[in-house]
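Below is one structure, written out as structure tokens; the observations come after it.
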Amino acid sequence: MSSNRGKGSAAGLAAFAAIIAAAPFLLPDYYQSVLIVAGLFAILSMGLNLLMGYAGQISLGHAAFYGLSAYASGILTTTFHWPVPAGIAAGVVLSGVTAALIGIPTLKLKGHYLAMGTLGFGVIVYIVFNEAVGLTAGPSGLTGIPRLSAFGKTFSTDREYYFVVWGTAFVLFVLARNLVRSRMGRALRAIHTSESAASVLGIDVARYKAFVFVLSAVYAGIAGALYAHFVTFVSPGSFSFHASIQIVTMVVLGGMASLWGAVAGAVFLTVLPEWLRAIEDYDILVYGAILVLTMRFLPGGLAEGAERARGTLVSAFRRKSPASAAAASGAEGRKP
Amino acid sequence: MPFSSFLQFIVSGVTVGATYGLTALGFTMIFNTTGIINFAQGEFVMLGGMLAVFSMKWGGLPLPVAVPLSVLLVTAMGVGVDRLTIRPMRGKPAVSLVIVTIGVSILLRGGAMLIFGKDTHALPPFSEGAAIPLGGASLLPQSIWVVGITLAVLVAMKVFFDRTITGKAMLACACDRKAASLMGINVDVMVTVSFAFSALVGALGGVILAPITLTAYDVGILLGLKGFAACILGGLGNPFGAVAGGLIIGVLESLGAGFLSSGYKDAIAFVILLALLFLRPSGLFGKASADRV
Amino acid sequence: MEGMKLFSAALLGGALLLGGGAFAAEPIRIGAIFSVTGPAAFLGEPERNTAKMLEDEINKGGGLLGRKIEVVVYDDESDPTKAVTAVDRLIKKDKVVAIIGPSTTGSTLAIAPKVEEGKVPLVSCAAAIDIVSPVRRFVFKTPQSDVLAVKQIYRHAKKNGISKVAILTASDAFGSAGRKELKELAEKSGVAVVADEVFGPKDTDMNAQLTKIKGTAAQAIVCWGTNPGPAVIARNRKQLGISMPLYMSHGVASNKFIELAGKENAEGILLPAGRLIVDEQVAEKHPQKKLLTKYAKEYEARFKTPVSSFGGYAFDALSLVAQAIKSGKSAEPAAIRDSLEKTKGFWATTGEFTFTPSDHNGLTEDAFVMVRITKGGWEMLK
């Protein structure tokens, strides 16, 4: 696996780009808005995966960064008539700066205390969205946010917006991939394994943790601003504790410490409800069951599942034994 | 602001805080044996109230029968949750277990929604009677039940963990599973017992709360959140701290609503919680623990 | 046998080729987006039930223009983002001719640009005035605006010599919309807001807020929210022995509220409500009488739960669309829109609808009556 990793992943990236480019033309029209939402969640879960999967720091309040940027960009472009790109930039900066400020004390916490710290932060931000009515328009939500326009072009159709969102997701994916393969990525993994050992090795644990926290908040901020200018409406409900849990679920389902997994988890959990509409009321049960079953039978998430499926397939081909090949294809067939 | 108002804030805060504390006790129970936070704890509370309501509504049972029946059913569910979802995951990282409990909470909540519907329900109070005046403030008889039962559960837990061999064995499991098992403690059984107990405590909370706070399929979310906060504030694993944490949060919310802003009352409680955490990263009554390297 | 199959296949193919005309039996599809789950389920559930009930009824009566109707319902889970993806699916995949819902203002405003772009008429079941002001060509709504309810309350208060009120509103979309109107209309109505408190929609104890209000000069409390919050307030008010009048919003106009609050705690509470809740007291001659009694009876028989004015919003939305299809003699989206806008003097559960190009809500203040809770029942005030 490691010998052809570079080549393999370059091919993977090319395939990823090709899928992104082809998807809107292959799928029915009404999937476009679903895919845009999936793209936003993909950006969110990539960011959170850097923090949770690679650096091992849990965050149960990530929706706060998502919301801060969405609101900032929404308010600046609507109430203060800023141009949209400036609003987006300001939103992303706000998310990043907030993360830097609260990251310093929060990241000193460990385990469940860190979970509580981030959760509490999320709850506070959510309450501010609800109560700062003069600024955020309160629980009714902020309306009339303009669609994205930049360089004299307005991205008004869903197809155009799809390419904006997934183009951004692709760039962020490549950035994250390069990061985790760098010296920095190795440092993060060392922190994940043991903070004490990492610091003995001369890794500035606090600085690295703060950096990756800010970075994941910036990812969330980018998704948030893009969200605001897509739906053209923001309300606190989209950034509640429930939303934070949803992002965590995507990361976990996709597979910790796997960027591909983060994307797959986000897409899967966004598109799944579309299929579940047939089951109507029961979909809430399916959602819970997926969480429990994934953890039990596929703890590495979709990423591990894909790896296993590939392994089974490869060994089946190598053996060329008809019996095991049939078994492998059977297993493949059952995979969604 | 007259003193009677202040007293009323305290009285209300203590009642609400006791509900958080009771939920927090359930968290503590499971944390003490498994070292994980059971995010389905709030659902045990919800189920306690809902099952009591519906065994009266559908089963036509009187309250004194419905209450113990509901508590028993939920306790059995606690055992079921452990057997079906936690035990097979033994040895998996804590974050996986946390996610599993989140999944279980969604399942329980969704199941309750499908079976019982989305309406809110009220349970009749345990004892009749008008509000009791208390130095200008007033107190519902049911609040006395809530505070009383919370304290009784707290004392029982304290005795259980400190004095009984099972309790000590459970604590040992949380400290070091392998060592506990080497000492001849059946870790699996201990975990099951802890789930049963925490479901029991949760359900008990649910039935005594329902007459005051009303109940619905989704009340578990907020209680779970506040209960978790109470646990953390008091220092994880400490039953006394859990109840104290709950009371502190309840009173803070009530005073916050009374003196500052009702809109920001939850935020005020959480800001204070975070500030405390930053100053004392292992909670008010928690012991600073050394990390294993 | 084989020949028979082939024949029917050919027939089917031929019919497909011929398209619309040959398919007189193809149902008219009407989309619906309701918050069946999530925090706004108290709206979405009765709305979905009502829409399904009315669909059956219309079909039993022979459908519209000789075709059956099919109501395609999607649940937005009280999340505007889900409403956006649902509306795409309704317009592009299900090819609906009109849409009823969403339940919430947020979802409605989020999908408004989509229906404008897709040129499909939308009859929203959400209350905020922003939905129809400014008027959007394809967007209508059935619920009374909160302004009308607030006006009724203030008028009643004023008449009874109350000039200082405390407002206590839920910190959700419903409560904050009411709060805004309560504050804005106060001065004009000659009422002063002396306390402005809020409560979380899931809060279980409002003693702190009520204690604070008790210490002010308020002569009455106006509470704006939906169950269970207001029920808790009714209970806490009794517990604290507060005797000043308590006004509620139309958000609790359902027997469920009395059940939750308890008869003795709900006694004397005043609120503006649609006539649905007091259908038995509406004068025999009133044009709504028959409609209301029938709807309430059928709903309660079928779903075994008290009827609420929220379900009525969906009833009205679907009735309006059906009426527009019938009177315009066309099930094309653009024709339905035009026909909707010509609706005049149409009585439904909420009130009498008269749409014009500048008014896409079309109700008058008459849509509300003041009611008082008396002995566990509703008493219509004259």
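The table that follows gives values for the structure above.
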{"quantity": "Semi-axes of the equivalent ellipsoid for the protein assembly as shown, Cα gyration tensor, largest first, Å", "calculated": "43, 40, 28"}
{"quantity": "Accessible surface buried upon B-A contact (total; probe 1.4 Å; Å², nearest 100)", "calculated": "3500 Å²"}
{"quantity": "Number of partner chain Cβ atoms within 10 Å, mean per residue of B:215-228", "calculated": "3"}
{"quantity": "Of every Cα-Cα pair in the stretch B:186-293, the percent that sits beyond 20 Å", "calculated": "52 percent"}
{"quantity": "Ranked by how many other beta carbons lie within 10 Å on average, peptides B:174-187, C:308-321, B:67-80, C:240-253 from highest", "calculated": "C:308-321, C:240-253, B:67-80, B:174-187"}
{"quantity": "Solution diffusion estimate, µm²/s, Stokes-Einstein, the stretch A:111-150, Kirkwood Rh from C-alpha pairs, 4 °C, viscosity 1.567 mPa s", "calculated": "107 µm²/s"}
{"quantity": "Violating pairs (Cα-Cα greater than 25 angstrom) within the set A:K153/C:K95; C:K158/C:K212; C:K214/C:K263", "calculated": "A:K153/C:K95"}
{"quantity": "Compactness index (Cα Rg / 2.2 N^0.38 Å), the stretch C:263-382", "calculated": "1.19"}
{"quantity": "Heavy-atom accessible area, 1.4 Å probe, ligands and nucleic acids excluded: residues of the stretch A:292-307 down by at least 50 Å² from chain alone", "calculated": "A:V292, A:M295, A:R296"}
{"quantity": "Carbon plus sulfur fraction of accessible area for the protein assembly as shown, probe 1.4 Å, in percent", "calculated": "65 percent"}
{"quantity": "Per-residue mean of C-beta atoms belonging to partner chains within 10 Å, peptide C:256-265", "calculated": "2"}
{"quantity": "Computed over the stretch C:186-342, Cα set: Rg, Dmax in Å", "calculated": "19.9, 62"}
{"quantity": "Between the stretch A:224-244 and the stretch A:141-163, the alpha-carbon center distance in angstrom", "calculated": "15 Å"}
{"quantity": "Relative compactness, the stretch B:21-216, computed as alpha-carbon Rg over 2.2 N^0.38 Å", "calculated": "1.09"}
{"quantity": "Rounded Å value of the spacing that divides the Cα centres of the stretch B:115-169 and the stretch A:62-81", "calculated": "43 Å"}
{"quantity": "Neighbourhood charge, 15 Å Cβ-Cβ cut-off, centred on C:K329 and excluding it, Lys, Arg +1 and Asp, Glu -1", "calculated": "+2"}
{"quantity": "For chain C, built as a Gaussian network whose Cα springs stay under 10 Å, the top-fluctuating residue of C:F303, C:F257, C:F353", "calculated": "C:F303"}
{"quantity": "Inter-chain shielding of A:136-149 (mean C-beta neighbours from other protein chains, 10 Å cut-off)", "calculated": "5"}
{"quantity": "Per residue, the convex hull volume that the Cα atoms of chain C enclose (Å³)", "calculated": "144 Å³"}
{"quantity": "Helix axis angle, A:322-334 relative to chain A longest principal axis, alpha carbon, degrees", "calculated": "20 degrees"}
{"quantity": "DSSP beta bridges in chain C [antiparallel fraction, %, rounded to 5]", "calculated": "30 percent"}
{"quantity": "Cα extents of the stretch C:146-273 along the three principal axes, largest first (Å)", "calculated": "34, 27, 23"}
{"quantity": "Helix-only [θ]222 nm of chain A, DSSP H runs n ≥ 4, -39500 (n - 2.57) each, per residue, nearest 500", "calculated": "-25000 deg cm²/dmol"}
{"quantity": "Rh by Kirkwood over Cα pairs, then Stokes-Einstein D for the stretch A:24-280 at 1.002 mPa s and 20 °C, µm²/s", "calculated": "117 µm²/s"}
{"quantity": "Gaussian network model of chain A, Cα within-10 Å springs - most flexible of A:I247, A:I145, A:I127", "calculated": "A:I127"}
{"quantity": "Relative contact order (%) - criterion: Cα under 8 Å, at least six apart; region: chain B", "calculated": "36 percent"}
{"quantity": "Length-normalised contact order for the stretch A:24-280 - Cα pairs under 8 Å, 6+ apart - percent", "calculated": "41 percent"}
{"quantity": "D (Stokes-Einstein, µm²/s), Kirkwood Cα radius, the stretch A:1-91, 1.567 mPa s at 4 °C", "calculated": "80 µm²/s"}
{"quantity": "Dimensions (Å) - the stretch C:174-226, Cα atoms, principal axes, largest first", "calculated": "34, 26, 11"}
{"quantity": "Accessible solvent surface per residue of the stretch B:183-293, calculated while the other protein chains remain in place, 1.4 angstrom probe, Å²", "calculated": "34 Å²"}
{"quantity": "Chains C and A together, accessible area buried on both sides, 1.4 angstrom probe, square angstrom", "calculated": "2200 Å²"}
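The values are calculated or read from the model by the stated rules, or taken from the named source; none is laboratory data. What you see is a predicted model; the values in this text were computed from it and never measured. Here Cβ is always computed from backbone atoms with ideal geometry, including for glycine, and neighbour counts include all displayed protein chains. Protein only, heavy atoms only, side chains kept; ligands, DNA and RNA dropped before computing areas. Shrake-Rupley method; radii C 1.70, N 1.55, O 1.52, S 1.80 Å.
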